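First comes the structure, then the notes that go with it.
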There are 2 protein chains.
Amino acid sequence: MIEKLVRDRVKSLKPYVPGKSKEEIIRKYNLNPEDIIKLGSNENPWGCSKKIKEELLREIGNLHQYPEPVNPVLMEELGNFLDVPRENIIVGGDGADEIIDTLMRTFVDVGDEVIIPIPTFTQYRVSAHIHGANIRYGRYNKKKDFKLDVDSILDNITERTKIIFLCTPNNPTGNPIERKDIKKILESTEALVVVDHAYIEYSKDIYNVTKWALDYENLLILRTFSKIFGLAGARVGYGVANEEVINYMMRVKPVFSLTRLSQICTIAALRDREFFFYSREKGIESREILYRGLKKFKELKVYPSEANYLLVEIRNDMTSGEFCEELLKRGVIVRDCKSFEGLDGEYIRVSIGTFEEDRRFLEILKDIVS
Amino acid sequence: MIEKLVRDRVKSLKPYVPGKSKEEIIRKYNLNPEDIIKLGSNENPWGCSKKIKEELLREIGNLHQYPEPVNPVLMEELGNFLDVPRENIIVGGDGADEIIDTLMRTFVDVGDEVIIPIPTFTQYRVSAHIHGANIRYGRYNKKKDFKLDVDSILDNITERTKIIFLCTPNNPTGNPIERKDIKKILESTEALVVVDHAYIEYSKDIYNVTKWALDYENLLILRTFSKIFGLAGARVGYGVANEEVINYMMRVKPVFSLTRLSQICTIAALRDREFFFYSREKGIESREILYRGLKKFKELKVYPSEANYLLVEIRNDMTSGEFCEELLKRGVIVRDCKSFEGLDGEYIRVSIGTFEEDRRFLEILKDIVS
């Protein structure tokens, strides 16, 4: 009886496959927490700012009160960090996922179109599908280290195109999109171009095209506290765009979704710029260690990356699932890429670890691959 | 240019008007935090369990990791609290609001119908509107202390009815819906009946019809940690329904929306049953104090309530807005009910305070009304 009530879109939905959590692996393989090396979810292996603790304790006394829908202290700190006015920022309480959902709620009617070059972050597709969009796929070109195929975007633009998702550096491939290509797309369409900068702080320029949001009417920059700030567990993401876009989005954004404790975490993290730059420096170093280490295995092909992870192609007779299972047995969590549409072949994604984790991981790899 | 991209539904949306936050009032009226009496958002004036603090500190070291999408410890504690299997529970990371949104995403296609008796919690309407539903309004009958008019529901059921929202005790009126009326509606339709029990712990029976969710295929019970558990700032709500409903909803629920810290808060709160029952006893006593106190003002009509707030009709020549403004100047935040559709007249909603806050509020009232 219930099935009759359910939307057809939901019946046909492939659910999002998240990276495995540490807790899950500990339970499944009966391992010690200390033995787990988690390189599966692009997290910051150095944790988060130590200054959060003190601030958090102060806030416990306010937990019974609803959060402020817009926290002015957070907006000010974030505006300073980005050097953009707070009127151009929207903050979400479920990481960038909430901003993506809010974009759909603001712009996408059933039958409208969304362009997604693949392989890329799965959530664009999931959210678009739930909200009734028709999805047109562009591509990142495997033969050119997954460089964006700009024509694959331009050729898909129609009168019903509402949103185009560009991820730079792209997840899970790690490659950046060139500025001139973003510009070309922005100027070829009236659709909203969403540039996902979730990993931008690990690339050459931590701001990249963020400030273009002040100049282009149809650009939204997506950013997050889940990566370099080390706050994936607090679920805070944000968008930067012109005021009109922000104002429309605020009408449909969940009002209270950003918890009191997450607001505090974010403010404290923004004030600890030292930890931020420490994470960036160490993170880039860790990526280089892994890149050099992985390159030595002749059965693996590792792609260059400007993010905090590396895409690795498995070129022996193992599937990515078998490969991941072998690693899991030895306490290493990496991401099996088979849930990413548009990746033909066998791929895994390896996130940066502490230098010690990198070393142990590369050592463990020798058991599995040559 | 952007306006052309925005959905018509968003252009016509009346945004949700939340109760005013303490921080906002402190800034606006330049008051001391200690002088504010916040009776505007149906929060627990005794805060939350003191046991949360210690647990929270332990979790800070995990903040850089994504939360588990479903926390098995939380599910077990919640299952024990409700005495229902965990397969019948869905937990949301933006309070009951997320569960309401998830219901829409699961069941409502554009043009489907949702029945909402008014006056009631505004979020049902807002979420339904965003998701393209046509809303049919039933009513709580003012002439009978806002008792649900069952026929106003039954008469609105059509072949396109997907969801019927019943809030008991109802917000902002405080009255319960009789079990026989819920039963009659459940058995008159194949649509999903959502019974919102956000305030049920302050009524005569803290479970009320929760367990009916195991027997009826088309019933979802909505509950929350924001009220008696004193965790409005942590944004955790949940639904109880048969497994089929839960499984469909899990396909479209935001995957990571429940933060690590909120998971910890909820587990610790569920384990402190002493604080729970303390809050219930004190809360009901506070409601009685306010009810008796408010009844003495001949210019006010106070309605009986089984929740942690009281609906009050202003029967002098002041509007509810003017009345609230006078209270705000004196540091008291109550809820102006003019944003609730279906309330003709001038109403405010007063939440329970500590006994001392109740006393000060009733004293301050004498300045404003006779």
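The values are calculated or read from the model by the stated rules, or taken from the named source; none is laboratory data. Remember, it's a predicted structure, so these values are computed and weren't measured experimentally. Neighbour counts run over all protein chains shown; Cβ positions are idealised from the backbone, glycine included. To get the accessible areas, we keep the full protein, side chains included, count just its heavy atoms, and leave off ligands, DNA and RNA. Shrake-Rupley method; radii C 1.70, N 1.55, O 1.52, S 1.80 Å.
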Exercise for the section: Determine if the range A:71-79 includes at least one residue that is more than 7 Å from chain B (Cβ to nearest Cβ) and small (Gly, Ala, Ser). Expected result: yes
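Being in contact with a Phe, Trp or Tyr (Cβ under 6 Å, 6 or more places away or on another chain), within 10 Å of chain A (Cβ to nearest Cβ), of a type in the set (Ser, Thr, Tyr) and within 30 Å of B:CYS324 (Cβ to Cβ), is that true of even one residue in the range B:46-58?
No, there is no match, as no residue in the range B:46-58 is in contact with a Phe, Trp or Tyr (Cβ under 6 Å, 6 or more places away or on another chain), within 10 Å of chain A (Cβ to nearest Cβ), of a type in the set (Ser, Thr, Tyr) and within 30 Å of B:CYS324 (Cβ to Cβ).
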Handout entry: Which listed residue, of A:SER21, A:SER12, is of a type in the set (S, T, N, Q) and at the interface with chain B (Cβ under 7 Å from one of its Cβ atoms)
Key = A:SER21
Problem - Subset of the range B:322-353 [open to solvent by less than 20 Å² (accessible area, probe 1.4 Å) and at positive phi] - result: B:GLY331
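Which ranges mark the strands (runs of 3 or more DSSP E) fully within the range A:298-342 that have 2 or more residues being touching a residue at least 60 places away in the same chain (Cβ under 8 Å)? Please lay out each step first, then the result.
Details: elements: A:300-302, A:309-314, A:332-336.
Fully inside the range A:298-342 and qualifying: A:309-314, A:332-336.
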Handout entry: In the range B:190-226, the residues that are under 21 Å from B:MET104 (Cβ atoms), of a type in the set (Ser, Thr, Tyr) and surrounded by fewer than 22 Cβ atoms within 10 Å (Cβ to Cβ)
Key = B:TYR216
Fill in the blank from the handout: Given (1) away from chain A (no Cβ under 12 Å); (2) out of contact with any Asp or Glu (no Cβ under 8 Å at 6 or more places or on another chain), B:ASP112 misses just (1)
Problem - Checklist (1) under 20 Å from A:LEU362 (Cβ atoms); (2) within 9 Å of chain B (Cβ to nearest Cβ) applied to A:ARG7, failing item - result: (1)
Completion exercise
Over the range A:253-263, the set of residues buried (at least 24 other Cβ atoms within 10 Å of the Cβ) and β-branched (Val, Ile, Thr) is A:THR259
Exercise for the section: Of the numbered conditions (1) closer than 23 Å to B:TYR303 by Cα; (2) part of a loop (DSSP other than H, G, I, E, B), B:TYR140 fails exactly one; give the number of that condition. Expected result: (2)
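Under 22 Å from B:LEU154 (Cα atoms) and away from chain A (no Cβ under 12 Å): which single residue out of B:ARG223, B:ARG179 fits that description?
Values: B:ARG223 fails: under 22 Å from B:LEU154 (Cα atoms).
Matching residue, one of B:ARG223, B:ARG179: B:ARG179.
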Exercise for the section: Output yes when any residue across the range A:230-252 is touching an Asp or Glu at 6+ places or on another chain (Cβ under 8 Å), of a type in the set (Lys, Arg) and open to solvent by 10 Å² or more (accessible area, probe 1.4 Å), and no when none is. Expected result: no
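For the structure I just gave you, tell me whether B:GLY79 is closer than 27 Å to A:LYS53 by Cα and either free of Cβ contacts under 8 Å to residues at least 60 places away in the same chain or open to solvent by less than 10 Å² (accessible area, probe 1.4 Å) (or both).
Details: closer than 27 Å to A:LYS53 by Cα: no; either free of Cβ contacts under 8 Å to residues at least 60 places away in the same chain or open to solvent by less than 10 Å² (accessible area, probe 1.4 Å) (or both): yes.
No.
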Handout entry: Residue that is least open to solvent (accessible area, probe 1.4 Å) [pool: residues in the range A:354-370 that are within 28 Å of A:LYS143 (Cα to Cα) and assigned to a loop (DSSP other than H, G, I, E, B)]
Key = A:VAL369
Fill in the blank from the handout: In the range A:273-323, residues that are among the β-branched types (Val, Ile, Thr) and either under 25 Å from A:SER49 (Cα atoms) or in the same structural domain as A:SER203 (by TED's automatic domain parsing) (or both) total 2
Handout entry: the range B:18-60: number of residues that are out of contact with any Cys (no Cβ under 6 Å at 6 or more places or on another chain) and either assigned to a helix (DSSP H, G or I) or surrounded by fewer than 14 Cβ atoms within 10 Å (Cβ to Cβ) (or both)
Key = 22
Handout entry: Scan of the range A:85-129 for residues that are open to solvent by 10 Å² or more (accessible area, probe 1.4 Å), assigned to a loop (DSSP other than H, G, I, E, B) and of a type in the set (A, V, I, L, M, F, W, C), ordered by number
Key = A:VAL110, A:PHE121
Fill in the blank from the handout: When restricted to A:ASP101, A:ASP83, the only residue touching a Ser or Thr at 6+ places or on another chain (Cβ under 7 Å) and among the charged types (D, E, K, R) is A:ASP101
Exercise for the section: Return a yes/no flag: does the range A:61-72 have any residue that is under 25 Å from the mean Cα position of the chain (by Cα), part of a helix (DSSP H, G or I) and free of Cβ contacts under 8 Å to residues at least 40 places away in the same chain. Expected result: no
Problem - Filter pass, B:GLY132 being over 17 Å from B:CYS167 (Cβ atoms), in a strand (DSSP E or B), at the interface with another protein chain (Cβ under 9 Å from one of its Cβ atoms) and of a type outside the set (Asp, Glu) - result: no
Exercise for the section: Would you mind finding the one in A:LYS147, A:LYS180, A:LYS143 that is among the basic types (Lys, Arg) and crowded, with 17+ Cβ neighbours inside 10 Å? Expected result: A:LYS147
